[in-house]
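The values are calculated or read from the model by the stated rules, or taken from the named source; none is laboratory data. Model, not experiment: these values are computed from the prediction. Every residue, glycine among them, receives a Cβ derived from its backbone with ideal geometry; neighbour counts consider all protein chains shown. Just so you know, the surface numbers come from the protein's heavy atoms only, side chains and all, with ligands and any DNA or RNA stripped out. Shrake-Rupley method; radii C 1.70, N 1.55, O 1.52, S 1.80 Å.
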Amino acid sequence: MLDPLLLRSFVAIIDTGSFTRAGERVHLTQSTISQQIRRLEQQLGCPLLDRAGRQVVATAEGEKLLGLARRILALLAQAEEQVTEGSLQLSLGVPEDFAAGAMAPVLAAFARDYPEVRLEVHSGLSHEIWQHFEAGELDLALVKQARGQGAPLASWREPLAWVDSRDWPASERDPLPLVVFPSEGLYRRQITEALDGQGRRWRIAYVSASLASLQGAVSAGIGVSLLPKRLLQPDQVTLSHWPKINPVELALHAGASGGEPLTRLSAALIALCDEVMGPQ
């Protein structure tokens with residue numbers, strides 16, 4: 001198989017008529033260019049260049065190769081251009097309750113304004129999103145966190161509420177059944193610490209990383225949970241006179257680079273969160 005690097009040097013010699021000038025064009029030394037041509041001639045089994053005159057010219061065999069070499073190099077350049085076209089990528093991490101619904105129109109508008117940008121959206125638990133962001137794998141991270149953490153672009157207060165099923169209440173059971181996120185989840189730690197502080201007996205009845213799954217479990221009467229107040233479902237009730245929970249915050253963090261697309265997407269997300277989270 002012919003090496004494109006050898007073909008590039010061969011074409012440069014023909015175009016410039018000199019090994020020296022060809023080396024300058026392709027940023028190689030004259031000796032390296034000479035070695036490349038010897039390799040190419042050995043591979044094809046024939047001389048490709050006539051070095052007898054003041055200028056280096058192609059032999060008959062070299063003339064046959066020249067047109068093909070130009071086509072090969074042009075196709076390689078075209079392939080590179082098409083593959084890398086629109087390769088600018090932005091990655092966004094969001095909690096599950098923001099991954100769909102109201103966010104979809106915002107992301108669709110961004111895609112229309114920046115069709116060359118490939119947008120990757122990752123949803124999950126906030127601590128996982130934050131780990132990916134700190135590892136440099138995300139350009140933007142929208143996370144639930146303790147208030148005052150880090151230096152976000154913007155943050156919004158997220159009040160929490162103890163929630164129970166309207167039709168199948170679980171709050172009077174002993175031990176109290178809990179519907180919770182996995183152990184790394186922010187709300188789970190607050191639940192157990194608050195109940196331990198009151199000396200209330202509890203047990204883990206249901207665990208899921210999915211917010212929709214937790215909401216369904218609460219509505220079905222499997223147990224009590226601590227969830228964002230704004231996400232209360234019609235078949236759920238808030239429990240008053242329960243341990244007070246400090247609100248967490250929703251915070252938007254941005255990486256160090258990204259240019260105008262990152263700035264525009266950040267502004268759109270801030271506007272969305274202002275609308276969704278309401279007056280602060």
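Of the strands (runs of 3 or more DSSP E) that lie entirely inside region 173-280, those containing 1 or more residues that are modelled with pLDDT of 85 or more and either under 30 Å from Leu88 (Cα atoms) or small (Gly, Ala, Ser) (or both) span 202-207, 225-228, 248-254. Which condition does Leu153 not pass, out of (1) open to solvent by 60 Å² or more (accessible area, probe 1.4 Å); (2) within 33 Å of the chain's Cα centre (by Cα); (3) more than 30 Å from Leu262 (Cα to Cα); (4) modelled with pLDDT of 90 or more, if it passes all the others? Leu153 satisfies every listed condition except (3).
Residues in region 48-89 that are of a type in the set (Ser, Thr, Tyr) and out of contact with any strand residue (DSSP E or B) (no Cβ under 9 Å at 6 or more places or on another chain): 1 in all.
Here Ala141 clears all of (1) more than 21 Å from Gln233 (Cβ to Cβ); (2) open to solvent by 20 Å² or more (accessible area, probe 1.4 Å); (3) touching a helix residue (DSSP H, G or I) at 6+ places or on another chain (Cβ under 6 Å) except the condition numbered (2). Among the conditions (1) of a type in the set (S, T, N, Q); (2) over 15 Å from Pro159 (Cβ atoms); (3) touching a Leu at 6+ places or on another chain (Cβ under 9 Å), the only one that Ser225 does not satisfy is (2). For region 157-204, a residue qualifies if it is without any contact (Cβ under 8 Å) to a residue 60 or more places away in the chain, of a type in the set (Asp, Glu) and surrounded by 13 or more Cβ atoms within 10 Å (Cβ to Cβ), and exactly one does: Glu184. Quick check: anything in region 12-25 within 47 Å of the chain's Cα centre (by Cα), of a type in the set (S, T, N, Q) and within 17 Å of Ile72 (Cα to Cα)? No; the residues of region 12-25 include none that is within 47 Å of the chain's Cα centre (by Cα), of a type in the set (S, T, N, Q) and within 17 Å of Ile72 (Cα to Cα). Of the residues making up region 133-172, those that are in a loop (DSSP other than H, G, I, E, B), over 16 Å from Ile270 (Cβ atoms) and of a type in the set (Asp, Glu) are Glu137, Asp167, Glu172.
If the condition is being out of contact with any Ser or Thr (no Cβ under 9 Å at 6 or more places or on another chain), open to solvent by less than 20 Å² (accessible area, probe 1.4 Å) and at negative phi, then region 4-17 contributes Leu6, Leu7, Phe10, Val11, Ala12, Ile13.
Which numbered condition in (1) in contact with a helix residue (DSSP H, G or I) (Cβ under 6 Å, 6 or more places away or on another chain); (2) open to solvent by 20 Å² or more (accessible area, probe 1.4 Å); (3) over 25 Å from Val237 (Cβ atoms) is the only one that Glu120 fails? The single condition Glu120 does not satisfy is (1). Among the residues making up region 44-66, those that are in a helix (DSSP H, G or I) and either among the hydrophobic types (A, V, I, L, M, F, W, C) or at pLDDT below 90 (or both) are Leu44, Ala60, Leu65, Leu66.
Determine which single condition Ser266 fails, assuming it passes every other condition in (1) among the small types (Gly, Ala, Ser); (2) over 30 Å from Arg118 (Cβ atoms); (3) open to solvent by less than 20 Å² (accessible area, probe 1.4 Å). In the conditions (1) among the small types (Gly, Ala, Ser); (2) over 30 Å from Arg118 (Cβ atoms); (3) open to solvent by less than 20 Å² (accessible area, probe 1.4 Å), Ser266 misses (2) alone. Please verify whether Arg264 is among the basic types (Lys, Arg) and under 22 Å from the mean Cα position of the chain (by Cα), treating the condition exactly as stated. Yes: the conditions hold for Arg264. Residue check: is Ser34 part of a strand (DSSP E or B) and either of a type in the set (Val, Ile, Thr) or surrounded by 12 or more Cβ atoms within 10 Å (Cβ to Cβ) (or both)? No. Screening Arg112 with (1) part of a helix (DSSP H, G or I); (2) surrounded by 12 or more Cβ atoms within 10 Å (Cβ to Cβ) gives one miss only, at (2).
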